[in-house]
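Following this message is one structure expressed as C-alpha cells.
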Amino acid sequence: VQLQASGGGLVQAGGSLRLSCVPSRSGFSITSMGWYRQGPGEQRELVASVIHGGRTSYGDSVKGRFTISRDSAKKTVYLQMDSLQPEDSGIYYCNKLPPVRAYWGQGTLVTVSS
C-alpha cells in the first residue's frame, strides 16, 4: 500500500492549499492518520493528526492555520492549509499514526513564496 498525497503547489505567503491523501488499496483503514512535513535539510515532522473519534492534534507551528479532516466514505484524508508562510514549504506526506515505513509515498511539494 502507498499513500498518495496530492494538492501541493506554489503559493504566495498568506495563501491557501488543500492537500489530499488516498491509499492505493481499497479497504485500508484511515482511522489514525497524520500529515508529515519535511522541509529542506530538515527531519520529517508530524504537523497534524486525526484519530478515532475524530480527535485532531496539531504541531505548534501550524495551530490555528491548518485543519486535518477525513472522509471515510471516500477513504481520503485532507489537510487544509491557510495563512501559509515560507517556513511551511516542504514535501508533505501522509501516513498512519504512528507512521509505517512501508506506507510512505512520494509526498506532495508545497512551496510558499514570500
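The values are calculated or read from the model by the stated rules, or taken from the named source; none is laboratory data. Everything numeric here is computed off the predicted structure, so don't read it as measured data. Counting neighbours? That spans all protein chains shown, and the Cβs are built from the backbone with ideal geometry, glycine included. We work out accessible area using only protein heavy atoms, side chains counted, and drop any ligands, DNA or RNA first. Shrake-Rupley method; radii C 1.70, N 1.55, O 1.52, S 1.80 Å.
Can you pull out the GluC sites (Glu not before Pro) in region 1-88 that DSSP calls coil and that have at most 16 other Cβ atoms within 10 Å? Write out the running numbers ahead of the final one.
Numbers: sites: Glu42, Glu45, Glu87; in loops: Glu42.
Taking region 1-88 and a limit of 16 other Cβ atoms within 10 Å, the loop GluC sites (Glu not before Pro) found are Glu42.
What FRET efficiency comes out for Ser83 versus Gln106 if R0 is 30 angstrom and r is the Cβ-Cβ distance? Round to the nearest 0.05.
Working: r = 26 Å, r/R0 = 0.87.
Given R0 = 30 Å and the Cβ-Cβ separation, E is 0.70.
Can you tally the net charge around Val112? Count Lys and Arg as +1, Asp and Glu as -1, for every other residue whose Cβ sits under 11 Å from the Cβ of Val112.
On the way: positive: none; negative: Glu87, Asp88.
Local net charge: -2.
For region 3-114, what % of the accessible area comes from carbon and sulfur atoms, probe 1.4 Å? Please report the intermediate quantities before stating the final value.
Numbers: 2810 of 5860 Å².
Looking at region 3-114 in its full context, I get 48 percent from C and S.
Quick one: if you stick a label point 7 Å off each Cα along the C-beta vector at Lys74 and Gln4, how many nm between them?
About 1.5 nm, to one decimal.
Hey, what does the equivalent ellipsoid look like for region 1-63, semi-axes from the Cα gyration tensor as sqrt of 5 times each eigenvalue, largest first, whole Å? Walk me through the numbers before you get to the answer.
Numbers: eigenvalues 95, 51, 32 Å².
Sorted largest first and rounded, they come to 22, 16, 13 Å.
Let me ask something additional. So how many Å³ per residue does the convex hull of the Cα atoms of the chain work out to? Don't skip to the answer; put the middle values down first.
Details: hull volume 10.4 nm³, N = 114.
Once divided by residue count, the hull of the chain is 91 Å³.
Between Ala13 and Thr56, what's the calculated FRET efficiency when r is the beta-carbon distance and R0 is 25 Å? Round to 0.05. Display every interim value, and only then the final one.
On the way: r = 24 Å, r/R0 = 0.98.
Calculated value: 0.55.
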